[in-house]
Amino acid sequence: MVTEEGCHYLSSALNSNPSHLRELDLSYNHPGQAGVQLLSDKLKDPNCSLKILNLDHGEPFWIQPGLQKYFCDLTLDPNTANTQLILSENGEVKYVEQQQPYPDLPERFKDIPQVLCRESLTGRHYWEVERTGWARIAVAYKTISRKEGTVNKFGYNNKSWCLFCTVDGFVVWHNNVSNNIPAPSRSSKRVGVYLDWPAGTLSFYSISDTHTLTHLHTCSTNFTEPLYAGFKVFDSSLSLCKITQKTNN
């Protein structure tokens, strides 16, 4: 079992012999947040040959103040909402069959029930959402197309990354490439998202009823534009959550 301490040894090994390892699979290990960050940085190191890093199904852990300090309040942008979505002031987005009489705006998604949030994200940010059914939980560049066509769905283009939540598990999508992730034993309807824009990482977590987190997947890339949180629902609804910081007694 590889722990956070073990990740430091792996990082040192990669530094001393940078051309030796190209793929590293740490699924079902306990790398910790610092270990995840340390090894994710190696993917962006031009002197390191590591190209593939799998960190799926890490250990559950409490949200710590170090992560919670990045919590951000997000606001759904009604100007981007598809006409089959209804937004509530409490941060809920709901799919309806009857199209709503929204004004025709260039920033509105034309035929896909998607919506973006207003906030431009370029730092470190954390948020949580709770869903009632299938949903896509995404981040996207503002330049994502709003026109008709499946290619403009979150995760089907190079402008967006998403976690597709289904009954059986999860699927990570980017640029029309998918990665299936079975649902962990502690899986629930709540998902946490941690974006570290400067480091180029986007992490998804399944959150249990006792508010422990299980790492699902981390996307590693080089972000080139500000990101916006986005959601897609169909025959379901999704709500932005408030979280309470854990304190030590």
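What follows is calculated from the coordinates using simple rules that are stated; it is not laboratory data. This is a predicted model, so every value here is computed, not measured. Cβ atoms come from the backbone with ideal geometry, glycine included; neighbour counts cover every protein chain shown.
Taking Lys and Arg as +1 and Asp and Glu as -1, the other residues whose beta-carbon sits under 9 Å from that of Gly91 total -2. For the pair Asn79 and Tyr141 in one chain, pulling the backbone fully straight at 0.36 nm per residue adds 20.7 nm over the alpha carbon distance. Extending 7 Å from Cα along the Cβ direction at Thr210 and again at Gln98 yields two label points whose distance is 4.5 nm.
In loop segments of segment 138-200 as defined by DSSP, the trypsin sites (Lys or Arg not before Pro) with at most 14 further C-beta atoms inside 10 Å of their C-beta are Lys142, Lys147, Arg186. Segment 156-173 and segment 193-230 have their alpha-carbon centroids 12 Å apart. In this calculation the C-beta distance from Asp41 to Cys72 is compared with R0 = 30 Å, giving a FRET efficiency of 0.85.
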